[in-house]
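Below: one structure, written as structure tokens.
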Amino acid sequence: MTIQIVSVDSVMLYFEPTISEEVLDKVQSAYTLLKKLEGVIDITPSYNSILIHYDIYIYNYQTIQETIIEALERTQQSFKKSDGKLITIPTNYNGVDLESVAKTNNLTIDEVITLHTQTIYRVYAIGFMVGFAYLAKVNPQIATPRLNTPRAKVPKGSVAIADNQTAIYHQESAGGWNIIGHTEFDAFEQFAVGDRVQFVRV
């Protein structure tokens with residue numbers, strides 16, 4: 001675990017440099033604890049790090065670092081898996097890239113759908129836009145690289161795969177993920193790091 005200065009009023013807390021369930025559990029536990037600290041203005045968890053914005057009238061870089069370390073050392077033994085809430089996503093598997101994802105991985109379309117719906121994913125991060133949840137990990141059999149040329153417009157509600165992650169486009173935007181389906185789900189504000197997500201075929 002390391003802490004690095006980002007700006008005059010923010011630091012980044014880093015855990016192990018890997019993407020895994022175990023590291024995500026640490027991130028989620030630390031996030032739950034640190035957001036309660038006095039003088040913490042905003043806190044943003046991600047795959048293996050947490051960005052912490054603090055009140056410069058309460059802390060400087062040295063004292064915020066000491067406060068974070070002390071708080072986490074007191075509770076380090078309590079880092080544990082927290083499943084978060086389970087969110088189900090009804091999905092129509094009719095995406096424009098579904099057939100190419102199947103061909104790329106030497107699978108049938110039904111096999112791709114089955115493998116995508118069998119996994120319960122966890123939310124590893126929120127971004128590049130507010131509400132865009134990065135979900136991992138997809139079954140290795142359907143992991144598919146991003147498109148060589150991103151599309152100028154991806155419709156809202158598109159369910160997509162890129163490498164070993166899957167996601168839902170919560171609004172129309174440019175994007176280079178492989179679109180395998182569509183959902184009418186629209187409660188994207190529900191997503192929080194650590195939550196579980198399962199896609200259900202309709």
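The values are calculated or read from the model by the stated rules, or taken from the named source; none is laboratory data. These figures come from a predicted structure and were not determined experimentally. Cβ atoms come from the backbone with ideal geometry, glycine included; neighbour counts cover every protein chain shown. Accessible surface areas use protein heavy atoms only, side chains included; no ligands, DNA or RNA. Shrake-Rupley method; radii C 1.70, N 1.55, O 1.52, S 1.80 Å.
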Exception for V27 within (1) modelled with pLDDT under 95; (2) part of a strand (DSSP E or B) falls at (2)
Considering residues that are open to solvent by less than 60 Å² (accessible area, probe 1.4 Å), within 19 Å of T149 (Cα to Cα) and part of a loop (DSSP other than H, G, I, E, B), the number found within segment 159-202 is 3
List pairs: first residue in segment 146-158 and small (G, A, S), second residue open to solvent by 70 Å² or more (accessible area, probe 1.4 Å) and modelled with pLDDT under 95 anywhere in the structure, Cβ distance under 8 angstrom, at least six positions apart or on different chains. G157/D186
Quick one: is I142 aliphatic (A, V, I, L, M), farther than 19 Å from Y47 by Cβ and at pLDDT 95 or above? yes
Restricting segment 29-39 to residues that are under 17 Å from Y14 (Cβ atoms) and open to solvent by less than 40 Å² (accessible area, probe 1.4 Å), which is farthest from the chain's Cα centre (by Cα)? L34
Top-ranked residue in segment 81-103 [being over 18 Å from the mean Cα position of the chain (by Cα) and either charged (D, E, K, R) or modelled with pLDDT under 75 (or both); ranked as least open to solvent (accessible area, probe 1.4 Å)]: D97
Filtered residues of segment 159-186 (kept if in contact (Cβ under 8 Å) with a residue 60 or more places away in the chain and either under 17 Å from G131 (Cβ atoms) or of a type in the set (S, T, N, Q) (or both)): V159, A160, I168, N178, H182, T183, E184, F185
When every residue in segment 126-158 that is surrounded by 15 or more Cβ atoms within 10 Å (Cβ to Cβ) and of a type in the set (V, I, T) is compared, the one nearest to the chain's Cα centre (by Cα) is I126
